[in-house]
Amino acid sequence: MCGIAGIIYRNGGGERQVGRDMTAMLQAMKHRGPDSTGYALYRGSTDGYVMHVKLSEAKDEDAELAQRVGRQRDQIEARIRAAGAEIEEIKGTHRTMTITFGFDGDLKLLADAVERVRHTEVLSLGRSLEIVKDLGDADTVSDEYGLGEYTGTHAIGHARMATESDVDIANAHPYWAYPFPDVAVVHNGQLTNFHDWRRRLTRSGHRFQSDCDSEIIAVYLAHQMSEGRSLEDSMRQSLEDLDGVFTYICVTEDALGVAKDELGAKPLVLYEDDELVALASEEIAIRQVLDREIETNDPYEGEVRVWTR
């Protein structure tokens, strides 16, 4: 079931209300996925990095949870400083931590160091990318993280209905392509050669933070781009290599792309004009951010489309 959405503004330097717009789109598809909601939000490029870290799950009931999370925060800050990063800001909720910092070292080593703190998981890392995901519908998550005030350039989102895995943050979408900065994916469907590609990518030196097939797509695309391919070429190749019934949206620092498998069974509608491109599993989501009559279309099966800002 699940609902996916994406929006990219063709012009501007990051001042658009992308958090508000993505929340409206996802809330309109609450019926497709009431269990958890996730965002991959992109601000304008900066000289520094931002890292989102999960500290605990909503279902955690440890009597000493507050003390444990406090220790996690202290250890994470110490590890980031020890790596030579210059921390600019630290904020968060009772389950997450967001660190903005300057750094010119190895991002993989830094992320690995943070994840050696017990019970932590790096949700995203990049110059532009910020992944926020939690339990509940879009309005609930947006209120918790103040996303109504978030301004940026483009975003993707996911409303999840849990089927084969737990209702928790770890299994919520979007997925960051660890350890590649600024690459994320949302996905509706199923990969039938998931385990094959997980083994192949693991042998190439990649590791995974979940058992979700959507993470495979993110890492696959980032790996292709790391070898010199464009986002569009990487996505076209994915239609040859990945088997199953799926529609996915991928985002990078300056682009948004969508791909549908050759059967085209998973729904997606698209609207574009000179100002923006918006796409979602249902047209009702797109209508939430446009105050005029619109005409949408459905990308063909086996089609890949990419837009840049």
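Every condition in (1) assigned to a strand (DSSP E or B); (2) touching a residue at least 60 places away in the same chain (Cβ under 8 Å); (3) in contact with a helix residue (DSSP H, G or I) (Cβ under 7 Å, 6 or more places away or on another chain) holds for Gly257 except the one numbered (2). Residues in region 117-143 that are among the polar types (S, T, N, Q) and closer than 18 Å to Glu215 by Cβ: 2 in all. Among the criteria (1) surrounded by 17 or more Cβ atoms within 10 Å (Cβ to Cβ); (2) within 23 Å of Pro179 (Cα to Cα); (3) not aliphatic (A, V, I, L, M), the one Gln27 does not fulfil is (2). So, Val245, is that one farther than 20 Å from Gly19 by Cα, assigned to a strand (DSSP E or B), assigned by TED's automatic domain parsing to the domain that holds Ile8 and aliphatic (A, V, I, L, M) or not? Answer is yes for this residue. In this structure, Ser230 does not qualify as buried (at least 17 other Cβ atoms within 10 Å of the Cβ), among the polar types (S, T, N, Q), over 23 Å from Val18 (Cα atoms) and at pLDDT 95 or above. Would you check if Ala159 is surrounded by 21 or more Cβ atoms within 10 Å (Cβ to Cβ) and at pLDDT below 90? No, not satisfied.
Restricting to region 1-35, name every residue that is part of a helix (DSSP H, G or I), within 13 Å of Leu276 (Cβ to Cβ) and not charged (D, E, K, R). Scanning region 1-35 gives Val18, Met22, Met25.
Of all residues in region 75-100, how many are surrounded by fewer than 18 Cβ atoms within 10 Å (Cβ to Cβ), touching a helix residue (DSSP H, G or I) at 6+ places or on another chain (Cβ under 7 Å), in a strand (DSSP E or B) and touching a residue at least 24 places away in the same chain (Cβ under 8 Å)? The number of residues fulfilling the criteria is 0. Scanning region 265-285 for residues that are over 16 Å from Thr308 (Cβ atoms) and either without any contact (Cβ under 8 Å) to a residue 12 or more places away in the chain or surrounded by 21 or more Cβ atoms within 10 Å (Cβ to Cβ) (or both) yields a total of 4. Against the numbered list (1) part of a helix (DSSP H, G or I); (2) surrounded by fewer than 24 Cβ atoms within 10 Å (Cβ to Cβ); (3) in contact with a Lys or Arg (Cβ under 8 Å, 6 or more places away or on another chain), Pro181 comes up short only at (1).
On the given criteria, is Val251 over 16 Å from Ala177 (Cβ atoms), surrounded by 14 or more Cβ atoms within 10 Å (Cβ to Cβ) and in contact (Cβ under 8 Å) with a residue 60 or more places away in the chain? Full working, then the answer.
Working: over 16 Å from Ala177 (Cβ atoms): no; surrounded by 14 or more Cβ atoms within 10 Å (Cβ to Cβ): yes; in contact (Cβ under 8 Å) with a residue 60 or more places away in the chain: yes.
Considered against the rule, which asks whether it is over 16 Å from Ala177 (Cβ atoms), surrounded by 14 or more Cβ atoms within 10 Å (Cβ to Cβ) and in contact (Cβ under 8 Å) with a residue 60 or more places away in the chain, Val251 comes out as no.
Evaluating Lys133 against the criteria (1) within 28 Å of Gly102 (Cα to Cα); (2) modelled with pLDDT of 95 or more; (3) not acidic (Asp, Glu) leaves one unmet condition, (2).
The values are calculated or read from the model by the stated rules, or taken from the named source; none is laboratory data. Not measured: the values here are computed from a predicted model. Backbone-built Cβ (ideal geometry, glycine too); neighbour counts: all protein chains shown.
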